[in-house]
Amino acid sequence: MTNLNIYGWTKKLNQLKQNSTHNSLPHARVTIVHRTCYEVISENGIFLCELTGNMLFRKSDFELPCVGDWIIFQPFDENKGIIVDMLPRERILFRKKIGTMADKQAIASYVDKAFIVQSLDNNFNPRRAERFMAQILDAGIQPVLVLNKADLDFDKQAVDDAIKHIVRQIPVFFTSVRFSETIRELQESILEGETVVFVGSSGVGKSSLVNALCENSALAVSEISVSTGKGRHTSTRREMVLMKNSGVLIDTPGVREFGLAVDNSDSLAEMLDISDFEKSCRFADCTHTNEPGCTVLQAIENGRLDPKILESYQKLQREAWHFSTSEHEKRQRVKHFAKVTDNESYQKKLRQWNASQETGKEKKQKGGEKRNGLR
Ligand SMILES: Nc1nc2c(ncn2[C@@H]2O[C@H](COP(=O)(O)OP(=O)(O)OP(=O)(O)O)[C@@H](O)[C@H]2O)c(=O)[nH]1
Ligand SMILES: [Mg+2]
Ligand SMILES: [Zn+2]
């Protein structure tokens, strides 16, 4: 029997399960999402599950189960099942769905830590790390910056300078799959039952780190193709693996674009370590662009704040604002539509219209019967 505590099952989750009408059925955690089915781990091992139609059609995409979710299922045959319910989600890592204004996509749920992986070659980019941090902190997840491929040549001083403000906020690790002590340090930072998701661009070494941490080669790792310089075994799905004697790791495919899907940008200043400067601005709603008495601009002038950090702050703020206002408008539209469809006169008109359609159909049918000589 599998002990689900090492997969993050807790007493609190057990209590939540009791609220479900299906609480007598087994529970499990989603480990892989395939195109049409879900691989889950339960006390009785791995099951391949589908969703009930009810769950499939009543939910938006981002509400469907994702890796990390806890579900309740009805087993059948030897290792198949139907997902009938999902426990209320917590600590979900979202991102904005590419090509949309306010649609979000759930990457993983019940996440304790998110490792933002960058490689110390040309992938290192503090602005990108800040973007991930904003989304991760919004979900109540602990961000960790992992700077990988530390065996390669890089300018340590320049990197240290660029991440000074990040180091003050979150843990930062320099790692290399070739230096086992750096892997051990990372391993020790993950506690039993904790869930860690790995995010970052393609080729930075997420799968390699997951494999090194699990001391096996469960995940395919890319070999750099000599002709294109690109990885060949690029990960194509989110996948959960268990670490020996400790946590649960979720590997994700590299992303080229990570759009913010946050509702609230209030914590950005603190995250970027500029809230102390901001507090003393003359105007409470200072935008730090050209206002008199702006202590943020003063900090830039006297070299205490990197102008790139302020730029990043304003960009992330704008993006969060765009997402939350579009989402708000969308919600209003849905509410308005619900109101319209609940409205009595609308319902009456709908009934009349349906009835007229029916009579039209009958007439047509009768006409057809006549033409066919059937009375
Ligand atoms: N020099 C060096 N190479 C590394 C290190 N970690 C990973 N690599 C190499 O980097 C390449 C990409 O590694 P992956 O683990 O596949 O990268 P990934 O982040 O999972 O990439 P995607 O799955 O495409 O998102 C492989 O050729 C690895 O061998 C490291 O610490 N040092
Ligand atoms: Mg990978
Ligand atoms: Zn200001």
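Each reported figure results from applying straightforward, stated rules to the coordinates on display, with no laboratory input. On a predicted model such as this, the values are computed, not experimentally measured, just so you know. Please note: Cβ atoms are built from the backbone with ideal geometry, for glycine as well, and neighbour counts cover all protein chains shown.
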ask   = Where does each of 1-11, 252-262 land if you order them by average Cβ count within 10 Å, highest first?
value = 252-262, 1-11
request  = For ASN23 paired with SER180, estimate the spin-label separation in nm (one decimal), with each label point 7 Å from Cα along the Cα-to-Cβ line.
outcome  = 4.8 nm
inquiry  = Please compute the length gained on full extension between GLU301 and GLU50, using 0.36 nm multiplied by the number of residues separating them and subtracting their Cα-Cα distance.
reply    = 84.5 nm
remark   = Per segment 4-86, sqrt(5λ) over the Cα gyration tensor eigenvalues, sorted largest first, in Å, gives 18, 15, 13
query = Can you give the convex hull volume per residue for the Cα atoms of segment 93-251, as a whole number of Å³?
reply = 126 Å³
query = What is the distance, in nm, between label points placed 7 Å from the Cα along the Cα-to-Cβ direction at VAL255 and at LYS97?
reply = 1.4 nm
